[in-house]
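Quick notes on the structure that follows.
What follows draws every value from the coordinates through simple rules; no lab data is involved. Fair warning: this is a prediction, and the values are worked out from it, not measured in the lab. Glycine gets a Cβ as well: all are built from the backbone with ideal geometry, and neighbour counts include every protein chain shown.
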Amino acid sequence: MQIPGMKTPVKKISVEEAERLALEAFSRIAGDEERLGRFLAISGLQAQTIRSAAAMPGFLAGILDYVAADERLLIALAQELDTKPERIMEAHHTLSPSEFD
């Protein structure tokens, strides 16, 4: 929620940087059997369809949607990627902007 009259500074992250973070996050998810299993179950993808899904527009945005919806995963990935959770959320916002912006 934004207080009227106050501007919240929005840090910009490039599409390229956002995509790089999404790829790194997916790499960490795919490299952990438990995380990958949960991702597949929630996304409806199957191990044999990930490659074709990854080529689809919106796949990287979907990865960050998934990460953003799970605070524990978001924090864990931020630590593993040596970044802040806010940076991952900035990437999420870049790839999946709100219609209210």
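Here are the numbers for this structure:
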{"item": "Net +/- balance of residues flanking M56 in space, Cβ distance below 15 Å, scoring K and R +1, D and E -1", "result": "-1"}
{"item": "Karplus-derived HN-Hα couplings along region 39-51 (A = 6.51, B = -1.76, C = 1.60, θ = phi - 60°), whole Hz, x at Gly and Pro", "result": "4, 4, 5, 6, 7, x, 7, 10, 3, 7, 9, 4, 4"}
{"item": "Spin-label model distance (nm) - S14 vs E80, 7 Å beyond Cα toward Cβ", "result": "2.6 nm"}
{"item": "Option label - percent of Cα pairs over 19 Å apart computed here, alternatives (i) 67; (ii) 43; (iii) 57", "result": "(ii)"}
{"item": "Two-site label geometry, E34 and T49: point separation in nm, points 7 Å out along Cα→Cβ", "result": "2.6 nm"}
{"item": "Computed over region 15-95: relative contact order in percent, which uses C-alpha pairs under 8 Å that are six or more apart", "result": "45 percent"}
